[in-house]
Amino acid sequence: MKHTLGALLLAACACLGNAAMAATSFASDPAVIEFARDLEQRHGFKADELLLQFAQIRPNEKVLQLIRPPASPLQRSWERYRLRFLTERRINGGVRFWQENRLSLARASALYGVPPEIIVAIIGVETEYGANTGSFRVLEALATLAFHYPRRADFFRTELEQFLLLARENGMDAVNVRGSFAGAIGIPQFMPGSQRRYAVDFDGDQKIDLSGSIDDAIGSVGRFLEQHGWEAGQPIAVPARTRGEPERSLIDAGIQPTLLVADLAQQGISADANPQATVTLVDLVSPGRPTEYWLGYNNFYVITRYNRSSFYAMSVFQLAAAIRERMPPP
């Protein structure tokens, strides 16, 4: 006999043995019930089964604390940000990671055109080479942000949908997959939508496992960058020299390259770069210190597709350079 939704939820709550959770779980939220029914209609899920999963999770206040901007935000500081990632431990860890995965990195670089050190540095910045992949239940984190964080609810509701599709496609236990407070998963910290669009089975075992397979992580980072427009053999960024403070409009032009090096030179901004190259002007601000200026090429912009921050992209670029410099000859 087919169980009713109410009976199924009652059974789930009994299994959980926690009446308080039953009262506060996502399964009792009308918006979640509507979401489950929508996925049933569009993707062939069974709403009752989805709600059984949602009955096992509840809104996570820690997730909301971490996602919210601080009440008194610190002033942006490149110096402070850089010190988090350009450390001896992370550089030496990157050298070891490269040595231990040399063949996979070489194959990914050949296939996708991305230098090995860039792939290594992204994994180093994201999870310190797989050591810190997150302890939050991804389903709970994404549901919390989808239904209790109005500022970005649409984005996280889409990622929640993508996660449930990902779990079904890969036979994952959706309730117990672990990741970051924002729902990023595995060694390279892909959001579920990015994993479904860009991740690859790089070790040939007929499944994509970004949490357990370093090869899959390496190949997936390479493909992500390639799919976002990485230009093989092209530069990433060069230091810029300025006469005085650049016009604010040049900074506000955005992170995507739209400025001609020759035009910048006429405005007192010079660099060792092709005058006909198109770049962005990157300002690395640190309170109490002179601002560093760089010219970022298309490949710099591509790194920001992983994390939309010029500080992030510059950390990856500089960590990659430090790792390559310290690599012993093959």
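The values are calculated or read from the model by the stated rules, or taken from the named source; none is laboratory data. All of these numbers come straight from a predicted model, not from anything done at the bench. Reconstructed Cβ throughout: ideal geometry from the backbone, glycine too, with neighbour counts over all protein chains shown.
Key figures for this structure:
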{"read-out": "Residue match in region 228-238 (condition: without any contact (Cβ under 8 Å) to a residue 12 or more places away in the chain and either among the aromatic types (Phe, Trp, Tyr) or crowded, with 22+ Cβ neighbours inside 10 Å (or both))", "value": "no"}
{"read-out": "Any hit, region 145-154, residues being in a helix (DSSP H, G or I), of a type outside the set (A, V, I, L, M, F, W, C), surrounded by fewer than 20 Cβ atoms within 10 Å (Cβ to Cβ) and under 18 Å from the mean Cα position of the chain (by Cα)", "value": "yes"}
{"read-out": "Single condition ASN132 does not satisfy, out of (1) under 16 Å from the mean Cα position of the chain (by Cα); (2) buried (at least 24 other Cβ atoms within 10 Å of the Cβ); (3) within 20 Å of VAL177 (Cβ to Cβ); (4) not hydroxyl-bearing (Ser, Thr, Tyr)", "value": "(2)"}
{"read-out": "Pairs, first farther than 13 Å from VAL282 by Cβ and in a helix (DSSP H, G or I) in region 240-269, second modelled with pLDDT of 95 or more and of a type in the set (Val, Ile, Thr), C-beta under 8 Å, six or more apart", "value": "VAL261/THR278; VAL261/VAL279"}
{"read-out": "Single match in THR144, THR133, THR87, THR127 (criterion: touching a Pro at 6+ places or on another chain (Cβ under 7 Å) and either on the phi < 0 side of the Ramachandran plot or among the small types (Gly, Ala, Ser) (or both))", "value": "THR144"}
{"read-out": "Condition met for SER310 (in contact with a Lys or Arg (Cβ under 6 Å, 6 or more places away or on another chain), within 28 Å of ARG80 (Cα to Cα) and surrounded by 13 or more Cβ atoms within 10 Å (Cβ to Cβ))", "value": "no"}
{"read-out": "Test: PRO290 is at pLDDT 95 or above, of a type outside the set (D, E, K, R) and outside any helix (DSSP H, G or I)", "value": "no"}
{"read-out": "Cβ-Cβ under 8 Å pairs, at least 6 apart or on other chains, region 148-159 side not assigned by TED's automatic domain parsing to the domain that holds GLU34, far side of a type in the set (Ser, Thr, Tyr)", "value": "PHE156/TYR149"}
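Results for (1) more than 29 Å from ILE187 (Cα to Cα); (2) of a type in the set (A, V, I, L, M), shown as yes or no for each residue.
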{"residue": "GLY229", "(1), (2)": "no, no"}
{"residue": "PRO235", "(1), (2)": "no, no"}
{"residue": "GLY254", "(1), (2)": "yes, no"}
{"residue": "LEU259", "(1), (2)": "yes, yes"}
{"residue": "ALA262", "(1), (2)": "yes, yes"}
{"residue": "ALA271", "(1), (2)": "yes, yes"}
{"residue": "ASN274", "(1), (2)": "yes, no"}
{"residue": "ASP283", "(1), (2)": "yes, no"}
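Residue-by-condition table, conditions (1) crowded, with 16+ Cβ neighbours inside 10 Å; (2) within 24 Å of TYR301 (Cβ to Cβ); (3) more than 20 Å from the chain's Cα centre (by Cα); (4) not aliphatic (A, V, I, L, M):
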residue: GLU88; (1), (2), (3), (4): no, no, yes, yes
residue: ARG96; (1), (2), (3), (4): no, no, yes, yes
residue: GLU100; (1), (2), (3), (4): no, no, yes, yes
residue: LEU103; (1), (2), (3), (4): no, no, yes, no
residue: LEU111; (1), (2), (3), (4): no, yes, yes, no
residue: GLU117; (1), (2), (3), (4): yes, yes, no, yes
residue: GLY124; (1), (2), (3), (4): yes, yes, no, yes
